[in-house]
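In what follows, a structure is listed as structure tokens, so that the remarks can point back to it.
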């Protein structure tokens, strides 16, 4: 169980990377942390894994305050950074042996662990290959395999599928599911919504350092999905925007949104548009998926 | 193998796979030692194969002129080149630096010398070094002085009816020369090898900063270092795990370069390197220089943001330290101000320490000042790099 209470963090001379984030992550969940680039996901993971201090707020992992006892808290966790955090000129096996040895895993145990993580990552046939010569997908798998050497109770995965082909992505997603099924709590960050939808049973959306929403996918779609979005066939004049905004519409980039409407209000909304003589191209009601939800919450695309 | 052992093993394995790094650390200094020792033989050697070439024009030779020429040709380092008897052609050749000097002996040499008139015209080529011009001119003046004294004495003795003469033996006895450099119990002049091996060895030792800093920057940018931190690998172990293997590499450099001086250079026709009498002193100064170089690498890793920056920074700084510290140009031929400035370079401290052992036959006590200066320098850089590392 991870408890994050009123966590804030700023890099020197920059805007706050995290602002007043409070979150509770159940150890049984495969938890998805969603947000665009620069949302604060990596910063949050860095604080959770004890790499960055938490000057404001508290982080408690399985009852241990990571700010006070980072060493104790780190014993049961593992971080897989977004970068290829291994030695490219070493072979796959040498990398695994080095990172096992550095964690004090030796002898027969080390051999056993290397065998386990290689099976999970499908790396058995690549042990003698230099890591720098692996494909992008295999590098990602090795990156994850290294993070599993200590059999962590809590695994932080920071965008583990960036820049790889769909086949490798599918392999990695299945591997993460297996890791979770074997009893490891997983916190998974990504800006690929379809991955988070596929993998995660609990989701939090971060944007510009702030936690926007948190809950199960179904809950989030129900709670935040009751909005009407209308794509327009012409630009609105300033006076039209003013009148529509008075009626509770949000106008942006060729579309208007009205939040928290129920199905009975749809006719009234369309009547207002007809009165303004604005051509309608398409109408969406509710949120079908995370992408719609994110668009509603942030008013911009996740991939911006 | 414990956690530290694994980390050190990893560093050595990474370096073994880094062919550019190995070439920089081992091949570059060997090449420098070979080239510079052979090229600078003229500066240091008394070997007769490395000398001064001159043309001689002596159309009429009386008895004293023959004696003058005999004495001139007896000097080991002076080589007379055949050039014909055309004065203009010979002057043109010297002007083209085909030879360093043209010596023209006047007719009626003996008579003119006895009367104290000019007997020699000496022309130096544009490329002749001032020190060599001075040496050549001095030797000619010495021969002329001796011949003049001999003639003057002979005239006086003939008048007095005496038979005793002040000869070369008596004149030579007036000055006894000894070099304080000794090898195998024999006093001799230090060779170019003796000067160049420690100089370029030290230059190479400081290049260890390049692989250290680039490896650390790569670990930082790829977040491998973050991964090590989350694996609860202590910072002190990380620091020690960097310092120990690279110090070992530095010591290997020392051994290899000394072996090059002892075994390879004689095969190439240069002098053999003499190792002095204090292996312990060599070890002390080598370790101190190595720690200074390694800590310098740790600091560069904190200052530079990219591997390219680190490579350029260490390259430029090393060349400046080497130029100032007497590696490229021996400090003893620098003017006094530059000699004082050279003491700002840690390479000068290390070089002085090595020369204490290799040139002046010193021991551990003799290198204590230089080793202490290097250790203080190393500790200061280490403290600074830890401070900057924490800020990051």
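Could you please let me know if residue A:172 is surrounded by 13 or more Cβ atoms within 10 Å (Cβ to Cβ), in contact (Cβ under 8 Å) with a residue 60 or more places away in the chain, in contact with a helix residue (DSSP H, G or I) (Cβ under 8 Å, 6 or more places away or on another chain) and assigned to a helix (DSSP H, G or I)? Give the steps one after another, and end with the answer.
Numbers: surrounded by 13 or more Cβ atoms within 10 Å (Cβ to Cβ): yes; in contact (Cβ under 8 Å) with a residue 60 or more places away in the chain: no; in contact with a helix residue (DSSP H, G or I) (Cβ under 8 Å, 6 or more places away or on another chain): yes; assigned to a helix (DSSP H, G or I): yes.
It is false that residue A:172 is surrounded by 13 or more Cβ atoms within 10 Å (Cβ to Cβ), in contact (Cβ under 8 Å) with a residue 60 or more places away in the chain, in contact with a helix residue (DSSP H, G or I) (Cβ under 8 Å, 6 or more places away or on another chain) and assigned to a helix (DSSP H, G or I).
Here is a list: B:21, B:51, B:83, B:5. Which entry is at pLDDT below 85 and more than 22 Å from residue B:136 (Cα to Cα)?
Working: B:51 fails: more than 22 Å from residue B:136 (Cα to Cα); B:83 fails: more than 22 Å from residue B:136 (Cα to Cα); B:5 fails: at pLDDT below 85.
Exactly one residue qualifies, and that residue is B:21.
Please find, among A:96, A:33, the residue that is closer than 22 Å to residue A:178 by Cβ, touching a helix residue (DSSP H, G or I) at 6+ places or on another chain (Cβ under 7 Å) and part of a helix (DSSP H, G or I).
Working: A:33 fails: part of a helix (DSSP H, G or I).
So the residue among A:96, A:33 that is closer than 22 Å to residue A:178 by Cβ, touching a helix residue (DSSP H, G or I) at 6+ places or on another chain (Cβ under 7 Å) and part of a helix (DSSP H, G or I) is A:96.
Can you tell me which residue within the stretch A:63-75, out of those that are more than 8 Å from chain B (Cβ to nearest Cβ) and assigned to a helix (DSSP H, G or I), is surrounded by the most Cβ atoms within 10 Å (Cβ to Cβ)?
At the first step, the residues of the stretch A:63-75 found to be more than 8 Å from chain B (Cβ to nearest Cβ) are A:63-70, A:72-73.
Next, only the ones that are assigned to a helix (DSSP H, G or I) stay: A:70, A:72-73.
On the way: A:70: 19, A:72: 15, A:73: 24.
Checking each candidate, the answer is A:73.
Please go through the stretch B:219-232 and pick out each residue that is under 44 Å from the mean Cα position of the chain (by Cα) and either within 10 Å of residue A:86 (Cα to Cα) or assigned to a loop (DSSP other than H, G, I, E, B) (or both). Step through it out loud before you land on a result.
If we filter the stretch B:219-232 for residues that are under 44 Å from the mean Cα position of the chain (by Cα), which is where we start, we get B:219-225.
Across the stretch B:219-232, the qualifying residues are B:219, B:222, B:223, B:224, B:225.
Each row is one residue, and each column tells you yes or no for (1) modelled with pLDDT under 95; (2) over 30 Å from residue A:13 (Cα atoms); (3) in the same structural domain as residue B:33 (by TED's automatic domain parsing).
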{"position": "B:335", "(1), (2), (3)": "yes, yes, yes"}
{"position": "B:341", "(1), (2), (3)": "yes, yes, yes"}
{"position": "B:351", "(1), (2), (3)": "yes, yes, yes"}
{"position": "B:360", "(1), (2), (3)": "yes, yes, yes"}
{"position": "B:364", "(1), (2), (3)": "yes, yes, yes"}
{"position": "B:376", "(1), (2), (3)": "no, yes, yes"}
{"position": "B:381", "(1), (2), (3)": "no, no, yes"}
{"position": "B:384", "(1), (2), (3)": "no, no, yes"}
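Evaluate the stretch B:93-103: report whether one residue or more is assigned by TED's automatic domain parsing to the domain that holds residue B:200 and part of a loop (DSSP other than H, G, I, E, B). First the steps, then the outcome.
Applying the first criterion (assigned by TED's automatic domain parsing to the domain that holds residue B:200) to the stretch B:93-103 yields none.
Looking for residues that are assigned by TED's automatic domain parsing to the domain that holds residue B:200 and part of a loop (DSSP other than H, G, I, E, B), one finds none in the stretch B:93-103, hence no.
Quick check: is even one residue across the stretch B:249-272 surrounded by 20 or more Cβ atoms within 10 Å (Cβ to Cβ) and free of Cβ contacts under 8 Å to residues at least 12 places away in the same chain? Within the stretch B:249-272 (the criterion being surrounded by 20 or more Cβ atoms within 10 Å (Cβ to Cβ) and free of Cβ contacts under 8 Å to residues at least 12 places away in the same chain), the answer is no, since none of the residues qualifies.
Could you list, in sequence order, all residues of the stretch B:227-241 that are out of contact with any strand residue (DSSP E or B) (no Cβ under 7 Å at 6 or more places or on another chain), within 10 Å of chain A (Cβ to nearest Cβ) and under 21 Å from residue A:50 (Cα atoms)? Reasoning before the result, please.
Looking only at the stretch B:227-241, we keep the residues that are out of contact with any strand residue (DSSP E or B) (no Cβ under 7 Å at 6 or more places or on another chain), and these are B:228-229, B:231-241.
Then keep just the ones that are within 10 Å of chain A (Cβ to nearest Cβ); that gives B:228-229, B:231-234, B:237-238, B:241.
The answer is B:228, B:229, B:231, B:232, B:233, B:234, B:237, B:238.
With respect to residue A:160, is the statement that it is under 12 Å from the mean Cα position of the chain (by Cα), within 14 Å of another protein chain (Cβ to nearest Cβ) and either on the phi < 0 side of the Ramachandran plot or free of Cβ contacts under 8 Å to residues at least 60 places away in the same chain (or both) true? Against the criterion (under 12 Å from the mean Cα position of the chain (by Cα), within 14 Å of another protein chain (Cβ to nearest Cβ) and either on the phi < 0 side of the Ramachandran plot or free of Cβ contacts under 8 Å to residues at least 60 places away in the same chain (or both)), residue A:160 qualifies.
Among the residues of this structure, residue B:33 does not count as one that is within 30 Å of residue B:297 (Cβ to Cβ), at pLDDT 90 or above and surrounded by 15 or more Cβ atoms within 10 Å (Cβ to Cβ). Check the stretch B:189-204 and report whether any residue there is at pLDDT below 95, closer than 30 Å to residue A:86 by Cα and within 14 Å of another protein chain (Cβ to nearest Cβ). So far as the stretch B:189-204 goes, no, none of its residues is at pLDDT below 95, closer than 30 Å to residue A:86 by Cα and within 14 Å of another protein chain (Cβ to nearest Cβ).
Answer yes if at least one residue in the stretch A:48-62 is assigned to a helix (DSSP H, G or I) and within 12 Å of chain B (Cβ to nearest Cβ), and no otherwise. Yes, that holds for at least one residue. Selection of the stretch B:53-65 for residues being in contact with a helix residue (DSSP H, G or I) (Cβ under 9 Å, 6 or more places away or on another chain) and not in a loop (DSSP other than H, G, I, E, B) yields B:54, B:55, B:56, B:57, B:63, B:64, B:65. For the stretch B:14-35, the candidate set comprises residues that are assigned to a helix (DSSP H, G or I) and within 14 Å of another protein chain (Cβ to nearest Cβ); within that set, the residue that is farthest from residue B:268 (Cα to Cα) is B:14. The requirement of being more than 14 Å from chain B (Cβ to nearest Cβ) and touching a residue at least 24 places away in the same chain (Cβ under 8 Å) is satisfied by residue A:127.
Would you confirm, using the coordinates I've provided, whether residue A:272 is surrounded by 15 or more Cβ atoms within 10 Å (Cβ to Cβ) and modelled with pLDDT of 80 or more?
Numbers: surrounded by 15 or more Cβ atoms within 10 Å (Cβ to Cβ): yes; modelled with pLDDT of 80 or more: yes.
For residue A:272, the condition - surrounded by 15 or more Cβ atoms within 10 Å (Cβ to Cβ) and modelled with pLDDT of 80 or more - is met.
If you check B:66, B:133, B:52 for being surrounded by fewer than 18 Cβ atoms within 10 Å (Cβ to Cβ) and within 27 Å of residue B:270 (Cα to Cα), only one passes: B:133.
State the number of residues belonging to the stretch B:160-169 that are surrounded by fewer than 10 Cβ atoms within 10 Å (Cβ to Cβ) and at pLDDT 75 or above.
Adding up the residues that qualify gives 1.
Residue A:78 meets the conditions (1) part of a helix (DSSP H, G or I); (2) at the interface with chain B (Cβ under 8 Å from one of its Cβ atoms); (3) touching a strand residue (DSSP E or B) at 6+ places or on another chain (Cβ under 7 Å) in every case but one. The failed one is (1). Within the bounds of the stretch B:242-258, is there any residue that is assigned by TED's automatic domain parsing to the domain that holds residue B:366 and over 23 Å from residue B:346 (Cα atoms)? No: zero hits.
Condition (residue is more than 21 Å from residue B:317 (Cα to Cα), part of a helix (DSSP H, G or I) and away from chain A (no Cβ under 14 Å)) applied to the stretch B:242-249: is it met by at least one residue? The answer is yes; a qualifying residue exists. The single condition among (1) in a loop (DSSP other than H, G, I, E, B); (2) more than 19 Å from the chain's Cα centre (by Cα); (3) within 30 Å of residue A:210 (Cα to Cα); (4) within 8 Å of chain B (Cβ to nearest Cβ) that residue A:84 does not satisfy is (2). Please determine whether any residue of the stretch A:178-195 is touching a strand residue (DSSP E or B) at 6+ places or on another chain (Cβ under 8 Å), in a helix (DSSP H, G or I) and surrounded by fewer than 20 Cβ atoms within 10 Å (Cβ to Cβ). No, there is no match, as no residue in the stretch A:178-195 is touching a strand residue (DSSP E or B) at 6+ places or on another chain (Cβ under 8 Å), in a helix (DSSP H, G or I) and surrounded by fewer than 20 Cβ atoms within 10 Å (Cβ to Cβ).
Where in the stretch B:255-354 are there helices (runs of 4 or more DSSP H), lying wholly inside it, with at least 3 residues that are closer than 30 Å to residue B:388 by Cβ? Show your work before the answer.
Working: elements: B:279-303, B:307-324, B:336-342.
Here the list reads B:279-303, B:307-324.
Residue A:142 - would you say it is under 23 Å from residue B:9 (Cα atoms), in contact with a helix residue (DSSP H, G or I) (Cβ under 7 Å, 6 or more places away or on another chain), within 14 Å of another protein chain (Cβ to nearest Cβ) and assigned to a helix (DSSP H, G or I)? Yes; evaluated as a whole, the condition is true for this residue.
The values are calculated or read from the model by the stated rules, or taken from the named source; none is laboratory data. The structure displayed is predicted, hence computed values, not measured ones. Heads up, the Cβs are rebuilt from the backbone with ideal geometry, glycines too, and the neighbour counts pull from every protein chain shown.
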